[in-house]
Each structure stands twice: as structure tokens, then as C-alpha cells.
1. Please list 3J(HN,Hα) in residue order for segment 231-245, calculated via the Karplus relation 6.51 cos²θ - 1.76 cosθ + 1.60 where θ = phi - 60°; whole Hz, with x for glycine and proline.
2. Dividing the Cα convex hull volume of segment 187-322 by residue count, how many Å³ per residue is that?
3. With θ set to phi - 60° and the Karplus curve 6.51 cos²θ - 1.76 cosθ + 1.60, what are the ³J(HN,Hα) couplings of segment 36-53 in order, to the nearest whole Hz, using x for Gly and Pro?
4. Pulled fully out, how much extra length does the chain show between residue 33 and residue 91, if you take 0.36 nm times their separation in residues and subtract their Cα-Cα distance?
5. Nearest 5 percent is fine: what portion of the DSSP beta bridges confined to segment 197-323 is antiparallel?
6. For a bin width of 5 Å, list the pair-distance distribution of segment 32-185 built from all Cα-Cα distances, rounded to whole %.
7. Under 24 Å between alpha carbons, and skipping anything fewer than 8 positions from residue 69 in its own chain: which lysines qualify?
8. Starting from the amide H of residue 182, placed 1.01 Å from N in the peptide plane, find each other amide H under 5 Å away whose residue is 5 or more places distant or on another chain.
Amino acid sequence: MAASLRCFLRSGKRAVLVAVRRGFHSSSPAAVQVTVRDALNQAMDEELERDERVFLLGEEVAQYDGAYKVSRGLWKKYGDKRIIDTPISEMGFAGIAVGAAMAGLRPICEFMTFNFSMQAIDQVINSAAKTYYMSAGLQSVPIVFRGPNGASAGVAAQHSQCFAAVFLENELMYGVPFEVSDESQSKDFTIPIGKAKVERQSHITLVSHSRFVGHCLDAAAVLAKEGVDCEVINLRTIRPMDVECIEGSVMKTNHLVTVEGGWPQFGVGAEICARIMEPAFNFLDAPVTRVTGVDIPMPYAKILEENSLPQVKDIIFSVKKTLNV
């Protein structure tokens, strides 16, 4: 997580990255565990210290330490000029951030929830995302928009939506610890944007991102006891998407299940299906199966909320259906 955000801040390139659970990291044994919240905090702290052009702005990011405490301690360390509390005006402070980026600074613009980034969509899309292209590469906009995304718990439709854009962190994962290697603790360690990670290998391909990678691994553990081995691909970034990794896996396993928390129509799984049809269609022994959220606004009642999102049992059912077992 920290390495991914560092890579975003330093590249200044447009890309889509999602916060992912890395408790299943398979490199050298880790000495410590770090929560997603602390990893994000560490990444921002390192970049603020490394580059004086970097600053953070958003609602309650300074004196309150952030709504989810992701920016804890940064205001005390860097002061008012670099950790900036804003009014509740997403369009306003997003515009300030975009203008600052055009002027040569490197802002981190935090939305308290990405549901409310829609208030600033003109700044995000028309001002930030398009300017580099429209200026023929003469005007870059090195900016990071970040904040909680996806379905949370007990906050209903207003605060539960999955966006495939910018740098997004699943709200329920802030307190989830994951093992980190000594290598990843280096301030210069980064993860390449656009490269997926194969978490485990075998007979059927499961592709997911963010929180639901963990669900896939849990489902794979259950299925393994029944003699069904799953190859789990952690996308890590959505745009760019590591299509080659997915293609290679499908050509090997001949089966594909995609898992995501967002709605089915125009979702990540739909894009994966479209992208692998031409190169890998003849390798598929069964139709691709998509496991998604239900196509409704998020309910408030807990039992309805749970049934609106993919669960481990849904992934297990879809794998067995795809394999006809």
C-alpha cells in the first residue's frame, strides 16, 4: 500500500489504483504487521518529508487527523501550510488542488468519501485528467485524489459505492493488518503501476481487487480442501490493467471467475471479459463467471447489506458452477 502510493506520487502519471489487502504476501518472513491505515500514513509522511512540493488537503485531515485517522500526526509534524483543513466544498478544494498541481506543486487531495467526489467531478475529469492530453503534453497535473471507496458497513447507499478511479481505499480495510517484508519498509520501495500479483496458482483463475482479493483467498482455502485449487490474481491496479497476466493464467487454467464489490453493469469484471475474449477465448472450457454486488443502491439493514455484496460462499458456488463440479 505505502509502496503503491509512493509510486503514484512520484510518477505524476494517470492511473487507477485500488487499495488491496496484503496479508497474503509471500515474500521473505516479515518482522512486523502494518494496518492499511498506517501504511497510507507512512507513505504520505515519507513523500511529505522527501519533497517539499507535496501537501495534503481535505476535510478534517489536519487537526482532527483525518476522518479515518489516515493523516494522524502529519499536521503536528508539517504544520498548516502543508496539511490543510478545507471547508465542506469538494468542488472548491479539488479545484485548489488541481490549480496547485498545474503550478508545480504535488497535492494529495483527500475526499472524506468518494461518494461525495461527484461534487467535484468536473475538476477531477475535465481539469485534472484531460489537461495533459489537451495541452499536447505541455501541462502536467501531478495530483493524487484519494479516500475511502466501496461498500462500508451500516452506512447505506449514500456512503456505499464502488468507483474505479484514482487511488481508492476500501473503508473496511483501514484497520486490517498485513505482513510486510523488510524490503517493502524501505522509503524507496515501490510497486510498479499496472502489474498484477499472482497470490496462488492452480486449476481455475480468480481475478479480483481490493478487499475481495481476501474473499477469493478464503474461498480458495475452502475449495482446496475439496480438491479444487484456485489461481488468485490480485489486480492491484485497474487502469492500467495487467491483461497479459490474466490471459496467461486463463490459457493455463482454461476457466475464469471475476470477483468485485461494484455493480455488474460496466464493471471491472465486464471489462476483463471483453479484454480476454480475443486472445484467450479458444482456451476457455466454460463461460466466464462474474461475481459482483447486486445492482441496487446499498441497503441499510445488515442482513440486506451482506446479501448485496459478494460473500465467500458466492465465490465457492461460482467456482463449482464454472467447473461443473
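1. For segment 231-245, the Karplus curve yields 8, 9, 10, 9, 4, 6, 10, 9, 9, x, 9, 7, 5, 4, 5 Hz.
2. Numbers: hull volume 17.4 nm³, N = 136.
So the per-residue Cα hull volume is 128 Å³.
3. With coefficients 6.51, -1.76 and 1.60, one gets 4, 4, 5, 5, 5, 4, 5, 4, 5, 4, 5, 6, 4, 6, 6, 9, 5, 7 Hz.
4. Details: separation 58, 0.36 × 58 = 20.88 nm, distance 3.69 nm.
That pair, residue 33 and residue 91, stretches by 17.2 nm at full extension.
5. Values: 3 of 14 bridges.
Taking every DSSP beta bridge with both residues in segment 197-323, the antiparallel ones total about 20 percent.
6. 2, 9, 18, 21, 21, 16, 9, 4, 1, 0
7. 77, 81, 187
8. For residue 182, whose amide H was placed from the backbone, the distant partners under 5 Å are 31.
The values are calculated or read from the model by the stated rules, or taken from the named source; none is laboratory data. Note that this is a predicted model, so its numbers are computed, not measured. SASA here: full protein model, heavy atoms, side chains in, ligands and nucleic acids out. Shrake-Rupley method; radii C 1.70, N 1.55, O 1.52, S 1.80 Å.
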